[in-house]
Amino acid sequence: MSNSHNPEDTILVVGAGIVGSALAYFLSLPDADANTKRSKIIVFDRSLDPLVGSTGHAPGFIGQFNQSAALTQLAVDSVAEYAKIPGGFDSVGGLEIATSAEAVKKLESRLKTAVGLGLPAEMITMQRAAELAPKLVKPSNEGAALHFPTDGTADAGRITSYYREEAQKQGVQFVQGEVVELLTANGRATGVVVPTPSSDQSAPPVDKTFLANKVAITTGIWAQDLLDRDVVGYPVPVVPVAHPYAYSQPKEPSKSKMPFVRWPEHHVYARDHGDRYGLGTYDHKATTYTPENDTAIGDWLDNFDVPLESAKELLPASTSALFTPASKKFNGIFSMTPDNMPIICETALVSGLFMAVAVWVTHAAGTAKYLAKVIQGAPDLGDKYFDVWDSTNPSRFNGKTYKDLEERCLRGYNNIYATK
């Protein structure tokens, strides 16, 4: 069984999390040229509701600065898009805390680079940081903080819903079903296969073929299911890893908005979720984690407990007490690459096959907007995308075995914001 529309005018998107839904939205926007023929766009996901991928548990920290100019650009673009969505983005600001002289020097270096990339940023005292986030930062006469006033928090679920709704208004079709096979012929993507329920309820599902001339993979932690070396010609090292996050006991809503906070030297971060606080840490042994039961939520690991207890000690006593015990803690699986950069490209060996994987919410809308231009064959992407094009292509992993690349991923986990 196959679809009846013209495959030459069809784009398929596999994965309907924040990246896939945003991509469908940007692809569906009317062209300035009214005579341009519109493509049929179909988006697939094994679960449209609830969101079972990493989008569904993303804590929503949006820190725009990264030592990679490409990621900074994608984050800035994403914030510009999220700010247009009602309830999508809250510009509360972000703080990076340094408690040692060495850590302060690193923040000063980050400040210089951030300002050079055009981001508003300033070094402030710990006393001032505690005034901005009194329930998250301890006042101190030692150390310093780096303040990014235009950073903020995003509601990934709301943003995803918005992009889906707007895309559907433009005729995009969302299909709940698992893509089990990527079809190619003569070096070109030609479609996907999706099992669909049989009219006879006692019969097994029937494979349905959806034909197209362009296919985009935005499946996050499940990227390896469809993208392997045999298909694209080089390794696609998207490694799912385990990560702990905890919510405090319920609290009264804060009287004023607080910046989210990171402690880079301790690999800890925290934010105010309104009715409770959230706390996460990278200060534990990096662990690969194969997703089970079609969800990006894994079992809690024993080696999460001690680092999370240590993370609580960075908070003011009254806030730390709300995590004793936490109201909820979970293993939120997300995807990594060896250099902490996403993979965004058209594959070299298979024409018409595109991917945007290992993309954080921080960069999702910017990535989708960029990839939509690539898919639509924009003649000139502009100078601002040169770094994105160059640094997110998976050809950078040529000549490496998957095992070596996986080991690099795990070594980079404890320094997650570095891009090398």
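The values are calculated or read from the model by the stated rules, or taken from the named source; none is laboratory data. The structure presented is a predicted model; accordingly, all values stated were derived computationally and were not measured. So basically every Cβ, Gly included, is an ideal-geometry build from the backbone, and we count neighbours across all protein chains shown.
The single condition among (1) crowded, with 18+ Cβ neighbours inside 10 Å; (2) modelled with pLDDT of 95 or more that Val52 does not satisfy is (2).
Listed here are the residues, each with its yes/no results for (1) within 23 Å of Phe354 (Cα to Cα); (2) not in a strand (DSSP E or B).
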site: Pro139; (1), (2): no, yes
site: Ile159; (1), (2): yes, yes
site: Gly171; (1), (2): yes, yes
site: Leu183; (1), (2): yes, no
site: Ile221; (1), (2): yes, yes
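In the range 118-128, of all residues being of a type in the set (A, V, I, L, M) and either within 27 Å of the chain's Cα centre (by Cα) or within 12 Å of Phe148 (Cβ to Cβ) (or both), the one that is surrounded by the fewest Cβ atoms within 10 Å (Cβ to Cβ) corresponds to Ile124. If the condition is being assigned to a helix (DSSP H, G or I), surrounded by 17 or more Cβ atoms within 10 Å (Cβ to Cβ) and not hydroxyl-bearing (Ser, Thr, Tyr), then the range 78-109 contributes Val79, Glu81, Ala103, Val104, Leu107. Quick check on the range 129-146. Is at least one of its residues touching a residue at least 40 places away in the same chain (Cβ under 8 Å) and acidic (Asp, Glu)? Looking for residues that are touching a residue at least 40 places away in the same chain (Cβ under 8 Å) and acidic (Asp, Glu), one finds at least one in the range 129-146, hence yes. Restrict the check to the range 106-114 and report whether at least one residue is touching a residue at least 12 places away in the same chain (Cβ under 8 Å), among the small types (Gly, Ala, Ser) and not assigned by TED's automatic domain parsing to the domain that holds Pro316. The answer is no; no qualifying residue exists.
Looking only at the range 395-418, filter to residues that are hydroxyl-bearing (Ser, Thr, Tyr) and surrounded by fewer than 18 Cβ atoms within 10 Å (Cβ to Cβ); which one of those is modelled with the lowest pLDDT? The extreme case among them is Ser395. Within the set Pro291, Pro325, Pro307, Pro250, the sole residue that is modelled with pLDDT under 95, on the phi < 0 side of the Ramachandran plot and surrounded by fewer than 20 Cβ atoms within 10 Å (Cβ to Cβ) turns out to be Pro291. Look at the range 305-326: where a residue is free of Cβ contacts under 8 Å to residues at least 12 places away in the same chain and a partner is part of a helix (DSSP H, G or I), sitting 6+ places away or on another chain with Cβ atoms under 9 Å, you get Glu313/Ser320; Ser320/Lys312; Ala321/Lys312.
Counting only helices (runs of 4 or more DSSP H) that fall entirely inside the range 362-420 and contain at least 3 residues that are closer than 30 Å to Asp90 by Cβ, the qualifying elements are 364-375, 386-391.
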